[in-house]
Amino acid sequence: NKAQAWSARFSEPVSDLVKRYTASVFFDKRLAPYDIQGSLAHADMLAAVGVISTQDLQDIQRGMTQILSEIEAGQFEWLLDLEDVHLNIEKRLVELVGDAGKRLHTGRSRNDQVATDIRLWLRAEIDVLIGLLGELRHALATTALQHTDTILPGFTHLQVAQPVTFGHHLLAYAEMFGRDAERLQDCRRRVNRLPLGAAALAGTSYPIDRERVARTLGFEEVCRNSLDAVSDRDFAIEFCAAAALVMTHISRLSEELVLWMSPRVGFITLADRFCTGSSIMPQKKNPDVPELARGKVGRVNGHLMALLTLMKGQPLAYNKDNQEDKEGLFDSVDTLRDTLTIFVDMVPGISVKPEAMRAAALQGYATATDLADYLVKRGTPFRDAHEVVALAVRECEQRGCDLADLSLDELRAFHPAIESDVHAVLTLEGSVAARKHIGGTAPERVRFEAKRILELH
Ligand code: ARG
C-alpha cells in the first residue's frame, strides 16, 4: 500500500476497519491552517540554519499557499489512506513542489508537529472565548444597570431569605464569568509554549533554532524537555477543567432562568427566539435554550474526565492514545463558543416583571433580619433580638400577615425598644439600601459595580 508514508517497512496492508480505526483525518483536518503555519515556521528555521536551501523554502512557501487556498475553497481532497492532517498536507506538498516538499519533515516528527498544531489552535480559540466572556459580562452589567432598584427575594435553600436587587443577582454571574476568563488567561500561558524541535521524543541532530521558531509562531516559551514536549497534554486538561467551570456557571444561570420563567414564579420571560413551542400543547412556550445549555454541561464535564483518563496510564513519551485528545477538546471549544454566543444575545432579551418579583419579596418575612438588626442597634444582644423576631414571625404566620402589617403597638408588645421609625427598616427598599458596603446589594453599590464592569469591557 504505497499511499502510506511509512509503508516501505510493512509486508501487508491494514484492513479497512483498522485503517478507519487508526485514522484521524476526518476530525484533525480542522487543524490544517495551524499545521501549515507550523510547517512554514519550521521550514523558515531550516533555511535560516542552512539545513535546506532558500530555493527549497520558497518552493515550500509556494506549495503551502496553494494548499491553504485549496482547503479554504473546499477543493482539497482528504484521503483516509493518508491517516491524518499532517500526512495529507505533506503528500500534497510533494505533489506540488517535489523534493523541497520531501525535505520539509527534516528534524521533525508528527509527534512534535501535532502537539504544536493543537497549541496554536487552542491558543486562538482561548482568545475567542475570553472575548465572548467579556461580552457576556458586558450584557449582564448592562441589564443589571437597568435593574439596580428592582427587588426580588434572595433565596437560601430555595426559601425566601432576604430581599436583594435583581441587578445584584445578575452581577453575581458577571463575577463568575470574570473568574472563568482569568482561568482561561492563566491556562493560555501554559498552552503558549513550543514543542517543535522535540522531534519524535529525543530531539534532533540538526542544528535547529527553536527560539526562532517560537518567535515566528508567537510562543512565549520553548518546552524544555523533548520527552515532555511530545507527550504533555496537561494544557488541554487544564483547558477542559476551565471549560467545565464556564459551563457549570452557565448551567446555574440556566437553571434560574428556567425557574424564573415558570408561571409558578413568573419573574421573567425570555425573548421568543430562544424558546420553542410544543407539537401537542398549543399554549406552550418552553425555555429550550437554557435547558439545553444546562444539559450540555454533561458533555463538557465528560470530556474532562476522558482526557484525565486518557493520560493517567501513559508511559513517556508519545503514545497513539494521544490521538484521542482531539474530538473531546474540539467539542468542548465548540460547545462553549456556541453557548456563550447565544447567551450574549439572550441576556439583553430577558424581560423582567418587577411587580412579580416585588410581590414574592413581600412574602416570606424577607425583612426579619432587618428587624433583628434594628433591635441590636438599640442595645439588644443579637441572639435575643433573633428570638424576639422569631416570635413575631410566628405570630404573623398564625394571623396570615406580614411583619410590616403589625401596628406599632403590636410590635412593641414583642420588645419595648421598638419605636415609630421601625417601619422604615421593614420595607424592602430600606433593607436593600442599607447594604451599601463593597459587595452589598444596595442600588447605589450595584450601579457602581455595573459601571466598573462596563468600563472593563
Ligand atoms: N494523528 C496523530 C495524533 O493525533 C499524529 C501523531 C502521530 N504520531 C505517530 N507516531 N503515530 O496524535
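Evaluating 6.51 cos²θ - 1.76 cosθ + 1.60 at θ = phi - 60° for every residue in region 52-65, the Karplus couplings come out as 10, 7, 4, 5, 4, 4, 5, 4, 4, 4, 5, x, 5, 4 Hz, glycine and proline recorded as x. Placing a label point 7 Å from the Cα of Thr142 along the Cα-to-Cβ direction, the residues of region 252-284 whose backbone N falls under 15 Å from that point are 271. Let me know the shape class of region 362-456, please: from the alpha-carbon gyration tensor, a ≥ b ≥ c as square roots of the eigenvalues, rounded when a/c is under 1.5, otherwise prolate if a/b is greater than b/c, or oblate. In terms of gyration-tensor shape, prolate. This model, with +1 at the C-beta of Lys and Arg and -1 at the C-beta of Asp and Glu, gives region 269-359 a dipole about its Cα centre of some 300 debye. Each Lys or Arg adds one and each Asp or Glu subtracts one; over the other residues with Cβ under 14 Å from the Cβ of Asp59, this totals -1. Packing-based ranking of 262-269, 429-436 yields 429-436, 262-269, ordered from highest to lowest mean Cβ neighbour count within 10 Å.
Taking the average, over residues, of other Cβ atoms within 10 Å as the packing measure, peptides 246-259, 42-55 rank 246-259, 42-55 from highest down.
Magnitude of the charge dipole for the chain, about its Cα centre and with charges confined to Cβ atoms of Lys, Arg (+1) and Asp, Glu (-1), is about 440 debye.
Every helix of 4 or more DSSP H residues in the chain counts as -39500 (n - 2.57), and over all residues that averages to -20000 deg cm²/dmol at 222 nm.
Working ranking of peptides 329-339, 417-427 by packing, defined as the average number of other Cβ atoms within 10 Å per residue, highest first, is 329-339, 417-427. Taking the charge dipole of the chain about its Cα centre, with +1 at Lys and Arg Cβ atoms and -1 at Asp and Glu Cβ atoms, the residue from Val297, Thr65, Gly439 reaching farthest to the positive side is Thr65.
How large is the convex hull of the Cα atoms of region 111-358 per residue, expressed in Å³ as a whole number?
Taking only Cα atoms, region 111-358 has a hull volume of 142 Å³ per residue.
The dipole here belongs to region 26-151: it is taken about the Cα centre, uses +1 on the Cβ of Lys and Arg and -1 on the Cβ of Asp and Glu, and is about 220 debye. Derived scalar couplings between HN and Hα for region 151-162 equal 9, 9, x, x, 10, 10, 6, 6, 9, 4, 10, 9 Hz in order, rounded to whole Hz, by the Karplus curve 6.51 cos²θ - 1.76 cosθ + 1.60 (θ = phi - 60°), x for Gly and Pro. Distance from the C-alpha centroid of region 274-349 to that of region 232-252: 11 Å, rounded to the whole angstrom. Close amide H pairs (under 5 Å, H built 1.01 Å from N) link Gly154 with Ala161, Gln162, Val164, residues at least 5 positions away or on another chain. Extension gain, Arg20-Arg264: 0.36 nm per intervening residue step, less the Cα-Cα distance, totals 82.6 nm.
Listed by chain and number, the aspartates and glutamates whose alpha-carbon sits under 15 Å from that of Lys353, ignoring those within fewer than 8 places in the same chain, are Asp149, Glu256. In degrees between 0 and 90, to the nearest 10, how far off the longest principal axis of the chain does helix 110-146 point, with axes built from Cα atoms? Approximately 20 degrees, to the nearest 10.
For the listed residue pairs Lys91/Lys312; Lys19/Lys320; Lys296/Lys451, the alpha carbons are over 22 angstrom apart in Lys91/Lys312; Lys296/Lys451.
How far, in nm, would the chain grow between Arg447 and Val376 when pulled straight, counting 0.36 nm per residue and subtracting the alpha carbon separation?
Result for the pair: 22.7 nm of gain on full extension.
Ranked for footprinting exposure by Cβ neighbours inside 10 Å, fewest first, Trp78, Trp6 give Trp6, Trp78. Please identify which residues in region 167-210 have an amide N closer than 19 Å to a label point set 7 Å out from the Cα of Thr248, following the Cα→Cβ vector. Taking a point 7 Å out along Cα→Cβ of Thr248, the residues of region 167-210 whose backbone N falls under 19 Å are 172-188.
Bear in mind these aren't lab numbers, they're just calculated from the coordinates by the rules spelled out. Remember, it's a predicted structure, so these values are computed and weren't measured experimentally. All Cβ positions, even for glycine, are placed from backbone atoms using ideal geometry, and neighbour counts span all protein chains on display.
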